[in-house]
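A.B. asks: One structure is given below, represented as structure tokens, and several questions about it will come after.
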Amino acid sequence: MELFLQQVMTGLATGSVYGLVALAIVLIYRSTDVINFAQGEMAMFTTFFAWMLIDGSFLGFHIHPLHFWIAFALTLVFAATMGALLERIVIRPVEGRPILTIVIVTLGLFSIFNNLATWSWGGIPKAFPAPPEIHVTGITFFGDGALDIGPTVISYHDLTIMVVAVGIMLALYVFFQYTPIGLAMRGTAQNPVAARLMGIHVGNILTLGWALSALVGAVGGMMIAPLVLLQPPMMMGVLLYAFAAAVLGGMDSPPGAVVGGLTLGIVENLVGTYTTEEYLHVDWFGPEMKLTAALVVIVLVLLIRPTGLFGRRALRRV
Amino acid sequence: MLRPIIARRKLLAFALLAFFLFYWIPFSHVFPGWGPFPLQFGSYRVFQATTIAMWAIVALGLNLLTGYNGQISLGHGAFVAVGGYTAAILMFDHGWPFWATIPVAGFMTGTVGFLVGVPALRLTGPYLAIATLALAISTPQILLKYEGLTHGSQGINVNSPPPPAVLDGVLNQTQWLYFLALVIAIIMTIIAWNIVRSRVGRAFVAIRDSEIAAQAMGISVPRFKTMAFAISAFFAGVCGAVYVQVIGFVSPRSFDVLQSINYLTTVVVGGLASILGSILGAAAFVLVPEINGLLDQLHLPAANQAPGVIYGASLILVMILMPYGLAGFIHRLTRLQPPLVRQSLIDFAQQIGLRVRTARSAPDRGSGAAPTPPKDVRTPRPPDGDKGSSSS
Amino acid sequence: MLRITDVHAAYGPILALHGVTLEVAAGSIVTLLGPNGAGKSTTLRVVSGLLHPTTGTIEFEGRRIDRLAPERIVSLGISHVPENRQLFAELTVLENLRLGAYIRHDRNGIKEDIEQVFHYFPILNERQKQVAGTLSGGEQQMLAIGRGLMARPRLLLLDEPSLGLAPLVTREIFQIIKSINHKQKVTILLVEQNANLALEIAQHGYVLETGRVALADTSANLQRSESVRRSYLGY
């Protein structure tokens, strides 16, 4: 039982990252119907940027290594800018074109970011630090320790991931529900023509969408990097799980993306643990099949709910 | 009076094409001094042509499913794997002759395709895309796991079939494989062309454009959608079988996710819902990496990682400049009239963000795949499409 | 207030307007009538900027607007309630109204206007938190008009408000439209299939046919005109 809970806990941590990246994917999908295949690579690229700042180098120049959270904040700015520029320069020219055309463009971006990262920083994995300790009123947050919660032990880093992820999600929620621009974004996603008639600059909204999405992805990248080592292929596995999570939760449902991510994180961990030789004595299934297992789960869910757990876009006007 | 002239021109073009395919590509290198490289096709080039023919087969099939029928598949690598492994196992473990394995692989894969198509009925758009992606991801894992059948990670090493006795001495191995792939590709192209022009093809397109309307016209949507998957998988299976003959080796690594994504890229870049597009896409896919070699020769700064950046950048550029793919672009070229030229220029200017904007369109995306291909009759739709508006 | 001069417009290669000329005086209600496909909705689209005319000019309060983007035109004081309402289906009634006021920044004014909309359409008040897509047809139309009003426009473009609505509801809405024009001095350009009702509340009318103005007259004359009655009023 302890093991089970432990795996669930760890699963929640990785699941938070899947949820974040899935959220980024859903953000763009909701407003533009585009599946951004480059999401993971963008996140990876911005994480490298953060690493540069923390490590003390910038475009080949030596600078004073920055504190984690300062680098974090600067990277968010960088990511948002990058996302906005991408939308303006690369996506805008193909806006309104068939969706598959735009999807291929994102695949092109995938290739560019992946190879650009390898070219700039090499293929050797780098260590990316976990958020450093902060002492507040005698309590230690973050850092290398671990926290006991009942029968489980959860590392501070895993805790950080979850806290940060939840924080971002809450911030986004407030943004979308309670600010005029957030409302405008939601409206634009549903009906861009009507949005224009309200005086909403749809183009700017789209740019903002991509900026936000890149930002969320960057957070995901920076959270998972300490766990898996920073290297160009870092986000590919995450991306697959993120897509799966987005689909599982419903491609137009941000809370669905989060739930999907958490679910997948847990499922992945449980399958990984309980299908080892110790527990399962079959030839045809094992821990190396955990990705397949996760995907089978998704397909099964989709068969029952074709638009994901929380998705709603099944309505079709003739 | 014009008809005989046009007919004669078409015949001429046809004859040239046949000459090119059946004679120039395989045999030109025999005549040194017949023009500079790359007009002469050395064996590497012949091999490239063979791969183009091969990929054209799977591209045709995928285009039938995604371009004509509107169902996105990111998992065609799985079908090619089924076909390839079927052929390989039949040849290696059971000693079948190569030519028999090809149709069997096709039908086997077609059946698998049908089985995939049934649950796929429930899914559309990104959901279908990710589900098929899941298929593609799982394929190498499954192939590795069930090594009793698939020989696991070591793969299956069949020997490419040698030229049959009657042609021995006339063709070398490379040429023989080229003709094998070419002939099969031509057969599959004819099949695809016939499907497109038949009731089935029209049903596919009707379903893509509006399932509900198609249903109202009496088209059985489930029947044709699963048929599309089955046919598409058949093509992929044939491609897999040919792959085995040409390459002589299959392993789980031959069918990774990237391949599946590449198939889709090929079809979109070549041109959705277009036979020509499938072939052009396959050609582009095989030949574009050559650009790196070209850059090298021009001594342009191309670090090791440039191939990926160049590839990505060219994908983006092609999609910006030719949103309907290569075939769409060619189609436009051959139909240019002054008003259309002006419109094209306006379109292009708009695309790169200059101030010639008309409203951003919000067309009904249906199942989310193909555009209105240039060939079909254009149903007039206001570019600022109010969803479902009548014209008044 | 609004002057459309010899406007031609096309959807790609298909010509929709072949030289439409009309005028809307400030404070009036003008109606555009005509059969399906005549170009009525297209005319509204051209005014609100969703479609740009190929030739011709459109002037609003003396200033040319035919090349402006819709977002800009809204801020100049024109609000377009499109055909089929085009609500934000997954947003609530209140959120739809708030979006209508997107270009405005005066919180108190917006609050007042929302109250005003609820005054005109009490049912919307009851259904404030309801998702727009779940409203009935009549309620949706009311919401669409209310949303259009939220921008405090000086010119309101209404595209077939009676479409798909029961006769009683339609009457109600038309009374409210008249009231909006009268009390708030909002000029209204009304496209309608229901010529009867439209001519009752309008002062002037234009009849469009295949992209051209076929008739232009006061609504009183149009109502009396034999050809209009036969062709559009059915008797």
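A.B. asks: Please give me, ordered by residue number, the trypsin sites (Lys or Arg not before Pro) of the range C:174-212 that lie in loop per DSSP and have at most 10 other Cβ atoms within 10 Å.
C.D. replies: Filter output for the range C:174-212: C:K185.
A.B. asks: Still on this structure, I have one more. How much length would be gained if the chain were fully extended between C:R229 and C:A214, taking 0.36 nm per residue of separation minus their Cα-Cα distance, in nm to one decimal?
C.D. replies: Gain on extension, C:R229 to C:A214, equals 4.0 nm.
A.B. asks: What is the dipole size for chain C, taken about its Cα centre, with +1 at each Lys and Arg Cβ and -1 at each Asp and Glu Cβ, in debye to the nearest 20?
C.D. replies: With Lys and Arg at +1 and Asp and Glu at -1, about 300 debye.
A.B. asks: Can you sort B:H151, C:H105, C:H119 by how many other beta carbons sit within 10 Å, fewest first?
C.D. replies: With the sparsest Cβ surroundings first, the list reads C:H105, C:H119, B:H151.
A.B. asks: Provide the per-residue ³J(HN,Hα) series for the range C:140-147, in order, calculated from phi with Karplus coefficients 6.51, -1.76, 1.60 and θ = phi - 60°, each as a whole number of Hz, with x at glycine and proline positions.
C.D. replies: Result, rounded to whole Hz: 5, 5, 4, 4, 4, 5, x, 4.
A.B. asks: Hey, another quick one. What is the distance in Å between the Cα centres of the range A:11-72 and the range C:71-112?
C.D. replies: 36
A.B. asks: Rounded, prolate or oblate, given the Cα gyration tensor of chain A, with a/c below 1.5 counting as rounded?
C.D. replies: oblate
A.B. asks: I've got another one for you. Out of the DSSP beta bridges found with both residues in the protein assembly as shown, what percent are antiparallel (nearest 5)?
C.D. replies: Of those bridges, close to 65 percent are antiparallel.
A.B. asks: Residues with amide H under 5 Å of C:G56's amide H, sequence separation 5 or more or different chain, H placed in the peptide plane at 1.01 Å from N; which?
C.D. replies: Correct list: C:H8.
A.B. asks: Turning to a different aspect of this structure: Between beta-carbons, use under 13 Å as the cut-off and find the net charge around C:G56, counting Lys and Arg +1, Asp and Glu -1.
C.D. replies: +1
A.B. asks: If you don't mind, there's one more thing I want to ask. Residue by residue, what Karplus-based ³J(HN,Hα) values in Hz, rounded to whole numbers, does the range A:296-303 have, using 6.51, -1.76 and 1.60 with θ = phi - 60° and x for Gly and Pro?
C.D. replies: 4, 4, 4, 4, 4, 4, 4, 5
A.B. asks: Just rank A:V296, A:V26, fewest to most, by other beta-carbon atoms within 10 angstrom.
C.D. replies: A:V296, A:V26
A.B. asks: Now, a different point. Could you state the number of Å between the C-alpha centres of the range C:1-67 and the range B:178-249?
C.D. replies: The range B:178-249 and the range C:1-67 have Cα centres spaced 47 Å from each other.
A.B. asks: When DSSP assigns beta bridges and you keep just the ones with both residues in chain C, what percent turn out antiparallel, to the nearest 5?
C.D. replies: 55
A.B. asks: Could you work out how far apart the two model spin labels at B:F19 and B:E147 are, taking each label as a point 7 Å from the Cα in the direction of the beta carbon, and quote it in nm?
C.D. replies: Computed distance between label sites B:F19 and B:E147 equals 5.5 nm.
A.B. asks: Taking amide H positions as placed 1.01 Å from N in the peptide plane, with prolines and chain starts having none, which residues 5 or more places from C:L33, or on another chain, fall under 5 Å of its amide H?
C.D. replies: For C:L33, the qualifying residues are C:Y206, C:V207, C:L208.
A.B. asks: Then there is this: Apply the Karplus parameterisation 6.51 cos²θ - 1.76 cosθ + 1.60, with θ equal to phi minus 60°, to every residue of the range B:90-106 and state each ³J(HN,Hα) to the nearest whole Hz, in sequence, with x for glycine and proline.
C.D. replies: Couplings: 4, 6, 7, 8, 10, x, 6, x, 4, 5, 6, 6, 5, x, 4, 4, x Hz.
A.B. asks: What's the FRET efficiency of A:V228 with B:L287 using the Cβ-Cβ distance as r and R₀ = 35 Å, to the nearest 0.05?
C.D. replies: It comes to 0.45.
A.B. asks: Per DSSP H run of n ≥ 4, the term is -39500 (n - 2.57); total these for chain A, divide by its residue number, and report the mean residue ellipticity at 222 nm rounded to 500 deg cm²/dmol.
C.D. replies: Computed ellipticity for chain A at 222 nm equals -22500 deg cm²/dmol.
A.B. asks: Could you work out the helix-only [θ] at 222 nm for chain C, with each DSSP H run of four or more residues adding -39,500 (n - 2.57) and the total divided by the number of residues, to the nearest 500 deg cm²/dmol?
C.D. replies: -10500 deg cm²/dmol
A.B. asks: Say the dipole of the range C:91-235 comes from +1 at the beta carbon of Lys and Arg and -1 at that of Asp and Glu; which of C:H105, C:A198, C:M150 then lies farthest toward its positive end?
C.D. replies: C:H105
A.B. asks: Once a ≥ b ≥ c are taken as the square roots of the eigenvalues of the Cα gyration tensor of the protein assembly as shown, is the result rounded (a/c under 1.5), prolate (a/b larger than b/c) or oblate (a/b not larger than b/c)?
C.D. replies: Oblate, because a/c is 1.5 or more while a/b does not exceed b/c.
A.B. asks: Something else about it: Given springs between every Cα pair under 10 Å in a Gaussian network model of chain C, which of C:E112, C:E59, C:E139 has the largest fluctuation?
C.D. replies: Of C:E112, C:E59, C:E139, the Gaussian network model singles out C:E112 as fluctuating most.
A.B. asks: So, one more: Tell me, what is the FRET efficiency for B:I186 and C:L15 to the nearest 0.05, using R0 = 41 angstrom and their Cβ-Cβ distance as r?
C.D. replies: Between B:I186 and C:L15 the formula returns 0.40.
A.B. asks: For a quick check: with amide H placed at 1.01 Å from N, whose amide H comes under 5 Å from B:L74's, ignoring anything fewer than 5 positions away on the same chain?
C.D. replies: For B:L74, whose amide H was placed from the backbone, the distant partners under 5 Å are B:T132, B:L133.
A.B. asks: If you rank A:W119, B:W99 by fewest surrounding Cβ atoms within 10 Å, what's the result?
C.D. replies: Arranged by neighbour count, lowest to highest, A:W119, B:W99 become B:W99, A:W119.
A.B. asks: A further question follows. What is the range C:65-213 by shape, rounded, prolate or oblate, if you read a ≥ b ≥ c off the alpha carbon gyration tensor as root eigenvalues and call it rounded for a/c under 1.5, prolate for a/b larger than b/c, and oblate otherwise?
C.D. replies: oblate
A.B. asks: Considering chain A as a Gaussian network with a 10 Å cut-off on Cα pairs, which listed residue, A:L300, A:L86, A:L20, attains the greatest mean-square fluctuation?
C.D. replies: Sorting by GNM fluctuation, first place goes to A:L300.
Every number here is computed from the coordinates shown, using simple stated rules; none is lab data. This one's a predicted model, so the numbers in the text were calculated from it and none came from an experiment. Counting neighbours? That spans all protein chains shown, and the Cβs are built from the backbone with ideal geometry, glycine included.
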